Amino acid sequence: MKKLLYTSLVALTLGASACTVADIQRTVDGVMAGTGTAVTRDEVASGLKQALEVGITKGSNQASQTDGFYKNSLIRIPFPPDVQKVENTLRQVGLGKEVDRFVMTLNRGAEDAAKSAVPIFVNAIKQMTIQDAWGILKGDKDAATQYLKRTTSTQLQAAFMPVIQKSLEKTNATRYYTDLVTQYNQIPLVQKVNPNLDEYATQKAMDGLFQLVAQEEANIRENPIARTTELLRRVFAKENQS
């Protein structure tokens, strides 16, 4: 039973579910002969959590810089799409500068909130089980990020919304948005709108952070230099062996 479990462990670590038994055994022999050690189940789980924490930290640091959201085309938060007609109409009546100012402050709010994202996300990462980790290791290059997004988004949104709300108020995005919507609603014959800016900004800020974390996860999987700790090197070196 131990030998079977160990063989399965190595197969998963390599992400090679299609390998033959002979391939797996040769890998086992190579690991034992080369390093004398094998990656344990606990190490895999710890390594993946560590990779996500690295990604969260780097992603949050990147996003929290001035223009981290605003000038990054991948994560820049636009005017809420469900009220796109508001933006178009306001630009037509000469309020384009006010719209641009709002979009900039909206992204400034996300940049400010990103500074507080790390502990919220890390707490969610700690809930990952060993079984989850094994399933992730053989997945796509952003499998860990997608797992975190899939299983924690609801809780993260609840925790992150007060942070983003405070940041939007700090950057005056809320006030500018209220002014724009008020001016729009005063235009004759338009259908009144009043979308929830906090919910929209929270979701877009989270999406942006997840995007940056996915990039860092892929980097750690593919680039040995990005594996900044011995544990990351052990886990992901085994994954990339063939």
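Coordinate-derived values only; no laboratory data. Worth saying up front: this structure is predicted, and the values here are computed from it rather than measured. Glycine also receives a Cβ, built like all others from the backbone with ideal geometry; neighbour counts cover every protein chain displayed.
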**Report entry** Net charge of neighbours whose Cβ lies under 15 Å from the Cβ of residue 180, counting Lys and Arg as +1 and Asp and Glu as -1
**Finding:** +1
Query raised in the report: Can you put 233, 227, 76 in order, fewest other beta carbons within 10 Å first?
Result: 233, 76, 227
**Report entry** Global form of the stretch 139-242, assessed from the alpha-carbon gyration tensor, a/c cut-off 1.5
**Finding:** prolate
Query raised in the report: So, with +1 on the Cβ of K and R and -1 on the Cβ of D and E, and no other charges, what is the size of the charge dipole of the stretch 45-229 about its Cα centre, to the nearest 20 debye?
Result: 100
Query - Whole-Å semi-axes of the ellipsoid equivalent to the stretch 45-229 (Cα gyration tensor, √5λ, descending) - result: 36, 15, 14
Query - Net charge, residue 49 excluded, C-beta distance under 11 Å - Lys, Arg +1, Asp, Glu -1 - result: -3
